[in-house]
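To keep things clear, I will list the structure first and then write my remarks on it.
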Amino acid sequence: AARMGLPALGLLLAAGLLHTQASPSARSFQLDYEHNCFLKDGAPFRYISGSIHYARVPRPAWRDRLLKMYMSGLSAVQVYVPWNYHETLPGVYDFTGNRDVEAFLDLTAELGLLVILRPGPYICAEWEMGGLPAWLLWKPDIILRTSNPAYLAAVDSWLHVLLPKIKPRLYHQGGNIISVQVENEYGSYYACDHGYLRHLLGSFRALLGSEVLLFTTDSTGARELRCGTLQGLYATVDFGPGSNVTEAFGAQRRVEPKGPLVNSEYYTGWLDYWGEAHASTSAAWVARGLEDMLQLGASINMQVVTRQRAQPPGQYMFHGGTNFAYWSGADYKGQYKPVTTSYDYDAPLSEAGDPTEKLFAIRTVISKFQPLPAGPMPPATPKYAYGRVALRKYADLLDVLDVLCPSGPIQSQFPVTFEALKQVHGFVVYHTQLPWDVPDPATLGAAPHSICDRGYVMLQKEYQGTLERDGQTTLHVTGRAGDSLDILMENMGRISFGANTSDFKGLLGNLSLNSRPLSNWLIYPLAIDTAVQQGWPHTALPKSSSGGRVGPAFYTGTFETPGIAWDTFVKFPGWSKGLLWINGFNLGRYWSCRGPQQTLFVPGSVLHAGHTNNITVLELEGAPPTPLLLFLDQPLYNRTL
């Protein structure tokens with residue numbers, strides 16, 4: 001079945017037999033509607049590409065991953081640009097370090113790879129809010145991915161910053177970007193607003209010029225292709241192994257009677273959701289589907305009367321990487337389904353960038369159709385099992401609110417959302433008091449769909465349990481009038497695909513006690529990452545923490561690396577759910593008790609070779625009696641749940 005804009009092994013092929021030639025100085029990448037193929041510099045051209053997301057790969061590893069893709073026989077890479085990764089607040093841009101997209105694109109050119117660029121503004125990619133900035137929701141009435149004036153104003157402002165960086169890197173300008181996608185699988189969105197697509201087309205043309213090849217990608221359903229395509233944008237489709245290729249390309253032909261057949265996303269694997277089995281896809285199955293596609297292109301080209309030439313699918317993903325920090329998104333399929341920290345995707349290159357059996361199977365297939373680059377495949381990156389590291393409890397979260405929310409709380413009669421607080425990621429504490437004595441167990445409950453996404457409940461600073469979106473939304477509590485009631489709300493990632501990407505976070509409605517609404521709240525937006533990046537709690541004075549192991553609390557520890565800083569994986573034996581920082585870098589969420597992911601990937605570039613490395617853990621539900629971490633040289637999953 002076709003899928004949203006996932007990182008596909010961007011396998012795109014164009015085949016044709018033409019006799020036209022370009023002058024040596026001309027650079028162009030165009031559609032040939034007469035012969036149903038692409039033309040590069042006037043000559044028929046076929047490319048095979050794979051998807052990689054620079055935002056999911058630490059910058060020091062970019063060259064290694066791209067070189068392995070090149071040595072696999074790929075001639076191009078597909079690249080998403082996540083808007084929210086760069087415009088972190090309205091008018092505040094970050095193109096430095098890991099976010100230096102220009103440096104990444106220049107590196108692809110240096111290594112001889114062409115680029116199919118997918119700048120959105122919406123990208124899906126199982127990325128937080130599909131790449132749209134959460135600050136758009138500060139205007140609660142905004143209608144995303146439509147002609148809504150507030151949305152279009154924000155999009156235009158962003159495109160006027162991004163696209164001028166892209167224009168000099170277009171192929172006909174001397175760069176290596178051969179095509180640019182507009183929006184992403186828009187036909188799968190409810191709005192079906194062709195005025196919005198026309199606006200984007202006008203903006204892309206105004207900022208990139210008339211020569212660049214602009215395209216769309218949609219699944220093969222009639223509704224999707226009706227709503228996701230527009231004259232002036234070349235329509236491509238996506239589908240995976242096991243699809244009926246003839247039927248799928250027949251769907252594309254209904255909207256593009258002429259031109260190359262293109263599958264923009266050929267799924268080499270699949271993603272993981274928390275609480276579900278680890279996904280895997282047979283290397284032989286993927287390779288067989290790929291070879292069938294390549295062979296279909298040649299046979300259709302030579303034998304079918306219409307002379308259609310298939311563009312084998314964009315392979316999504318070739319390298320998945322990691323959803324560091326809070327960047328993992330979520331799907332909504334009847335219920336909220338958050339994506340794991342690992343975006344390994346069972347891809348040809350593993351999360352750590354290692355060649356897999358699937359990569360070599362694909363490489364073998366590619367070698368049947370075009371020569372491979374000379375030389376060996378670069379090896380797997382070195383791993384090191386640093387062993388056990390003991391941690392100690394530093395403090396309960398509620399005892400360090402002065403550090404985590406230095407500006408103090410906001411007073412509100414009733415709860416307000418993360419967006420109303422201008423809190424993009426992470427956590428918010430909602431504090432009130434019991435208004436009356438509760439000698440017998442009373443029901444603490446939330447209105448339907450108002451817990452977004454998990455609420456850790458403390459009464460008199462004692463952990464009572466967790467409220468969860470699409471899960472448990474009531475707890476029974478007892479207490480006395482004036483007892484403190486705190487709910488730590490966690491944002492698990494905004495929906496990246498589905499009808500509703502306006503995914504507000506926090507307490508979206510009132511909490512009630514025996515159906516009577518609670519009021520008079522103090523609300524603390526937490527800036528945990530700011531504190532940790534500044535060295536806290538390792539540079540702070542020791543806290544005299546309580547001995548309890550239950551409820552949200554910080555744990556710290558250190559370890560030395562033996563003169564090397566190699567990649568590693570961290571296991572959390574006996575821990576429940578939380579986040580891990582090493583040397584101030586947020587490595588993302590762990591959720592050992594739910595799985596399937598049991599380890600977090602730690603890039604060697606995060607570690608300090610031969611020096612002390614500082615570990616900070618925020619455990620949300622309960623730490624083991626002996627808190628320790630285990631550093632391994634390979635990842636672990638629960639394969640069945």
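The values are calculated or read from the model by the stated rules, or taken from the named source; none is laboratory data. Model, not experiment: these values are computed from the prediction. For neighbour counting, all protein chains shown are included, and Cβ atoms are generated from backbone atoms with ideal geometry for every residue, glycine included. The protein model used for the area step is the full one, side chains on, heavy atoms only, and it has no ligands, DNA or RNA in it. Shrake-Rupley method; radii C 1.70, N 1.55, O 1.52, S 1.80 Å.
When segment 248-285 is limited to residues that are assigned to a helix (DSSP H, G or I) and out of contact with any strand residue (DSSP E or B) (no Cβ under 8 Å at 6 or more places or on another chain), the one that is surrounded by the fewest Cβ atoms within 10 Å (Cβ to Cβ) turns out to be 284. For the residues 242, 275, 228, 250, the requirement of being modelled with pLDDT under 90 and farther than 30 Å from residue 174 by Cα singles out 242. Of the strands (runs of 3 or more DSSP E) lying entirely inside segment 523-608, those containing at least 3 residues that are closer than 15 Å to residue 621 by Cα are 553-560, 578-582. Within segment 144-172, being open to solvent by 20 Å² or more (accessible area, probe 1.4 Å) and touching a residue at least 60 places away in the same chain (Cβ under 8 Å) holds for 157, 161, 165, 169, 172.
Taking segment 609-626 as the search range and keeping residues that are touching an Asp or Glu at 6+ places or on another chain (Cβ under 8 Å) and in a loop (DSSP other than H, G, I, E, B), which one is least open to solvent (accessible area, probe 1.4 Å)? The extreme case among them is 620.
Would you confirm, using the coordinates I've provided, whether residue 352 is at pLDDT 95 or above and surrounded by fewer than 15 Cβ atoms within 10 Å (Cβ to Cβ)? Considered against the rule, which asks whether it is at pLDDT 95 or above and surrounded by fewer than 15 Cβ atoms within 10 Å (Cβ to Cβ), residue 352 comes out as no. Would you be able to tell me the number of residues in segment 584-603 that are open to solvent by less than 10 Å² (accessible area, probe 1.4 Å) and small (Gly, Ala, Ser)? Total satisfying the criteria: 2.
Could you grab me the full set of residues in segment 421-431 that are surrounded by fewer than 19 Cβ atoms within 10 Å (Cβ to Cβ) and touching a Ser or Thr at 6+ places or on another chain (Cβ under 9 Å)? Scanning segment 421-431 gives a single hit, 431. Taking the criterion of being over 20 Å from residue 426 (Cα atoms), touching a residue at least 60 places away in the same chain (Cβ under 8 Å) and more than 30 Å from the chain's Cα centre (by Cα), the only residue of segment 462-497 that qualifies is 462. Looking across 390, 442, one residue alone is among the hydrophobic types (A, V, I, L, M, F, W, C) and exposed (fewer than 15 other Cβ atoms within 10 Å of the Cβ). It is 390.
Look at residue 109 and say whether it is of a type in the set (Gly, Ala, Ser) and surrounded by fewer than 24 Cβ atoms within 10 Å (Cβ to Cβ). Taking the combined requirement at face value, the residue satisfies it. Among the residues making up segment 184-199, those that are part of a helix (DSSP H, G or I) and under 23 Å from the mean Cα position of the chain (by Cα) are 186, 187, 188.
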